[in-house]
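Colleague: Before I ask anything, let me first share the structure, which is written out below as structure tokens.
The values are calculated or read from the model by the stated rules, or taken from the named source; none is laboratory data. Since we're looking at a predicted model, the values are computed, not measured. All Cβ positions, glycine included, derive from the backbone under ideal geometry; neighbour counts span all protein chains shown.
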Amino acid sequence: MRRERLVLSAASVFLVVALTFSGCRSSQDTIYSQALPEDSPSSTAEDSPASQDKELSGELTILSVYEFSNLERIAEEFETLHPNVKLNVEVGITSSADLGMAEPWEQFMEQLTTELMSGEGPDILVDPGVFTPKQYQQSGVAYDLREWMDADPDFHLEEYYENILQAYEVDGDQYTLPANFWVSVLYLNKELCDAAGVSCSAWDTVDYTEILDIWRAAENQGLLAQDFTLEFMDQKGPSSLFFDAEFPCFVDVKAGTCSFDSPEFIQYLKDTKSIPSNRTLSQGVVTMSGSAIMGDFSRSNQEENHSLLLYDMLSLDSLVSLSEIPENCVGPLILSSREGEVSFSTSLSFVVPTSCSHPELAWEFLKFCVAPVETPAFYSFYHPEGSVDIVQGGFPVAKENLLSYGELYGKAYQVMGGSMTIPDDFDPASMDSPFPDGFFTQLESVVSHYRFAIDSLGRVGEIYTPILQQYYDTDTLSAEECARQLQEKVGIWLQE
Amino acid sequence: MRWKQRGIYWLFLLPSLLGMLVFYVIPFGYSLYYALIDNMGSRQFVGLKNFAGTLANQLFQSAALNTTVFMGISVPLGMGVALLLSLCLQRTKRGRVPATMVLLLPLVVPSGTMVYFWKVLFDSNGLVNEFLLRLGVSDQWVVQHQCHMGVLVVIFLWKNISYNIVLFWSGLNWIPKTYYEQMALEGAGIWRQFWNVTWIYLSPTTFVVMLMSIVNNFKVFKEVYMLYGAYPSADIYMLQHYMNNQFLSMNMQKLCSAAYLLFLVLGVLLLVVFYAQKRVTDAYQ
């Protein structure tokens, strides 16, 4: 009996030890060596000699957390350039009705988390910000792309908006590579700015306190119409409009601290709630853009001042309208935090999980999506052979692409008017630029100097939105209680 | 012959042993490996660093304290109320069947339905707050004085008390009636009968109920999660929240080290309960 016990005990210990230590060998080095071969392929697949010399092959699965129809087109373009490559695009939340719905979302997230941790995730993940860079770093489930960037002789970091890439950096590591980005811009009512003695130039940064000062001065002078509301058409509401911008002031993700219980934040809550607005947080956001809406904003404020600002997302689509800013409007101004940080969003940001079966191929695809292109395309409307549309209206992360895509988008809008069709004989090369000389140089310089702060911080939005709703929408929380709850819950999230 | 008999026992035990091995023992052993490495990428052995980090984590300490407080309140309360109700049921002559059905109802009600019910009552815009507001209490006061831990205890009692009643009731039915008759003849009152007969003969059942209550204490998380989400207020942030959120943050190392620490503490606690049960049972025998 004692012998049996001894044998059983020894077998159990052996089993546990064997299982425990069987995977202890570091696999990272092996994977990096796969991803970074000595003859690393070049940046732009279509025109690079290296990629022409070495034909890419293999199959990758790209998982996009949300539906992003253009991803399939980009994948097809890459497949056309590399016939031996097969890219399977999968979508996590396929139905727009499921967005924000607790059950499908949580089921998907649980599945994705399990797959990533068990090494069975996709080859490339298009993450709109469901995981933070710090989470990728701590878990070790994604490759540090900075190592790939540094080791690739054809990838030159200075060709990209490094300030955008830096927003994703954590301790010098780069787990997320955005392909495009959008920045919030504002146009202000010039009469109200003048009345408040505020003078702004295009591309200046402006924070919520300055906007509040303008509103207060105008109100004191009796310049506001009876039905005055902060935003034209009430697109976002004061909570949604300013919170993303101010968030970095009160949360230090790298240090794991927050200061929502500070007098400054309580004052912020009181200030922003006092602004007249007809949109609540629960009603969501109305997106409007273009010169037509700017004209409407201008006209609405000609007789009486019905609103102070027009909100827009700066994108390639709206660049043409910058040359048609009405006289009674000031802008574009960049909405920033009080500390000067500018938040941005992206529709296409890539992560390469360590489960990737072909890291080298994945890196080539990522470079294809971000690197300078020879021939840009304009959505599906204008797509000559060999051209690619990797920006989808957003600002490209490669500086050179800002000029090439920006010019094309401007010319396309010029010929389209309001029809949304491009004539068959559309030839951008033969057209004059709709932009003044030096426009893109100035824009590139301006964008390069902003201090960007990432606005997607994983699931933290799920924590603060209900609390803010209780404060702004249902009015069941005082500013102090709202601040206390935010401090408590976001503090938990940061400390975990 | 003995070997043959033993072989048959093992043969019958084999399917469940295999199931235990594949679904519990091996994953549990493997999770120790995750608790001893730095992350899922480089997989460098770091010894007990993750355990030390978890123990030093203020949030883990706070979650452990909340879990202990919750257990300290809900387990004795759940046992006491269940014992009281089962004694009442035993002594009830009329209406025992409907009363039993009502008391056992929570066992068959799905969690989702139950949580919806509690949400209607205890949500920030729920009936309880509505009632307090109608009484003239200010909404700020209501928000500031929400007793989340109290709500949790009520949910635990609602969910687990039926199970405890079933166990206690079956234990009570095993006590021979003659013991009570004998005590009554000797002039003992109800209280003395309870201490000298019911309590002594119910002690093995009491330990089982205690054991199950401790285990069930950790099973109330589903309802709490559905009610308050992954980030509840700090006073009801439990170890299960900590571990669940570590999973969603893909931090397998913190998750596994916390799970092992919980396992160790729970294991010691259950051993103490077993040991106490043996001591008490031996003393009465």
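Colleague: Please go through the stretch A:310-342 and give me each residue that is among the polar types (S, T, N, Q) and buried (at least 22 other Cβ atoms within 10 Å of the Cβ), ordered by number. Outline the logic, then answer.
Modeller: Step one: filter the stretch A:310-342 for residues among the polar types (S, T, N, Q), giving A:315, A:318, A:321, A:323, A:328, A:336-337.
Within the stretch A:310-342, A:336 is the sole residue that qualifies.
Colleague: Residues in the stretch A:455-489 that are polar (S, T, N, Q) and facing chain B (nearest Cβ under 8 Å): how many? If you could, list the steps in order and put the result at the bottom.
Modeller: Taking the stretch A:455-489 as the starting set, the residues that turn out to be polar (S, T, N, Q) are A:456, A:465, A:469-470, A:474, A:476, A:478, A:485, A:487.
This time we only want the ones that are facing chain B (nearest Cβ under 8 Å), so: A:470, A:474, A:476, A:478, A:485.
Here the count works out to 5.
Colleague: Report, by residue number, each residue of the stretch B:185-218 that is free of Cβ contacts under 8 Å to residues at least 12 places away in the same chain and either closer than 28 Å to residue B:119 by Cα or basic (Lys, Arg) (or both).
Modeller: B:192, B:215, listed by residue number.
Colleague: Continuing with this model, one more query. Of the residues A:228, A:265, which is of a type in the set (A, V, I, L, M, F, W, C) and touching a His at 6+ places or on another chain (Cβ under 9 Å)?
Modeller: Details: A:265 fails: touching a His at 6+ places or on another chain (Cβ under 9 Å).
Just a single option satisfies the conditions, and that option is A:228.
Colleague: Here's another thing I want to ask about it. Using the structure shown, decide if residue B:115 is within 14 Å of another protein chain (Cβ to nearest Cβ) and under 18 Å from the mean Cα position of the chain (by Cα). Step through it out loud before you land on a result.
Modeller: Values: within 14 Å of another protein chain (Cβ to nearest Cβ): yes; under 18 Å from the mean Cα position of the chain (by Cα): yes.
Taking the combined requirement at face value, the residue satisfies it.
Colleague: Quick check: is even one residue across the stretch B:35-48 in contact with a Cys (Cβ under 8 Å, 6 or more places away or on another chain) and either in contact (Cβ under 8 Å) with a residue 24 or more places away in the chain or surrounded by fewer than 13 Cβ atoms within 10 Å (Cβ to Cβ) (or both)?
Modeller: yes
Colleague: Still on this structure, I have one more. If only one of B:70, B:60 is more than 14 Å from every other protein chain (Cβ to nearest Cβ), closer than 26 Å to residue B:238 by Cβ and in a helix (DSSP H, G or I), which one is it?
Modeller: Working: B:60 fails: more than 14 Å from every other protein chain (Cβ to nearest Cβ).
After applying the criteria, what remains is B:70.
Colleague: Name the residues in the stretch A:148-171 that are without any contact (Cβ under 8 Å) to a residue 40 or more places away in the chain and in a strand (DSSP E or B), would you?
Modeller: The answer is A:169, and nothing else.
Colleague: Show me the strands (runs of 3 or more DSSP E) entirely contained within the stretch A:302-419 in which 2 or more residues are among the hydroxyl-bearing types (Ser, Thr, Tyr) and closer than 19 Å to residue A:178 by Cα.
Modeller: Because the criterion is at least 2 residues that are among the hydroxyl-bearing types (Ser, Thr, Tyr) and closer than 19 Å to residue A:178 by Cα, the strands (runs of 3 or more DSSP E) in the stretch A:302-419 that meet it are A:341-345.
Colleague: Do any helices (runs of 4 or more DSSP H) lying entirely in the stretch B:203-254 carry at least 1 residues that are aromatic (Phe, Trp, Tyr), more than 13 Å from chain A (Cβ to nearest Cβ) and under 18 Å from residue B:154 (Cα atoms), and which ones are they? Can you show your working first?
Modeller: Details: elements: B:203-217, B:221-228, B:239-248.
Result: B:221-228.
Colleague: Continuing with the same structure: Restrict the check to the stretch A:147-161 and report whether at least one residue is closer than 19 Å to residue A:316 by Cβ and either touching a Pro at 6+ places or on another chain (Cβ under 7 Å) or not assigned by TED's automatic domain parsing to the domain that holds residue A:118 (or both). Can you show your working first?
Modeller: Initially, the stretch A:147-161 is screened for residues closer than 19 Å to residue A:316 by Cβ, giving A:159-161.
Subsequent filtering for residues that are either touching a Pro at 6+ places or on another chain (Cβ under 7 Å) or not assigned by TED's automatic domain parsing to the domain that holds residue A:118 (or both) retains A:159.
There is at least one residue in the stretch A:147-161 that is closer than 19 Å to residue A:316 by Cβ and either touching a Pro at 6+ places or on another chain (Cβ under 7 Å) or not assigned by TED's automatic domain parsing to the domain that holds residue A:118 (or both).
Colleague: Conditions: (1) out of contact with any Asp or Glu (no Cβ under 8 Å at 6 or more places or on another chain); (2) within 30 Å of residue A:142 (Cα to Cα). Residue B:105 meets all but one. Number of the miss?
Modeller: (2)
Colleague: Return the residues of the stretch A:226-270 that are in a helix (DSSP H, G or I), closer than 21 Å to residue A:282 by Cβ and charged (D, E, K, R); say none if nothing qualifies.
Modeller: A:234, A:244, A:246, A:270
Colleague: Let me ask something else about it. Residue by residue through the stretch A:122-146, note down the ones that are at the interface with chain B (Cβ under 10 Å from one of its Cβ atoms) and assigned to a loop (DSSP other than H, G, I, E, B). Give the derivation first.
Modeller: If we filter the stretch A:122-146 for residues that are at the interface with chain B (Cβ under 10 Å from one of its Cβ atoms), which is where we start, we get A:130-132, A:134-144.
Passing the criteria: A:130, A:131, A:132, A:140, A:141, A:143, A:144.
Here is a yes/no grid of residues against (1) part of a helix (DSSP H, G or I); (2) within 13 Å of chain A (Cβ to nearest Cβ); (3) on the phi > 0 side of the Ramachandran plot:
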position	(1), (2), (3)
B:3	yes, yes, no
B:7	yes, yes, no
B:11	yes, no, no
B:16	yes, no, no
B:19	yes, no, no
B:25	yes, yes, no
B:29	yes, yes, no
B:34	yes, yes, no
B:41	no, yes, no
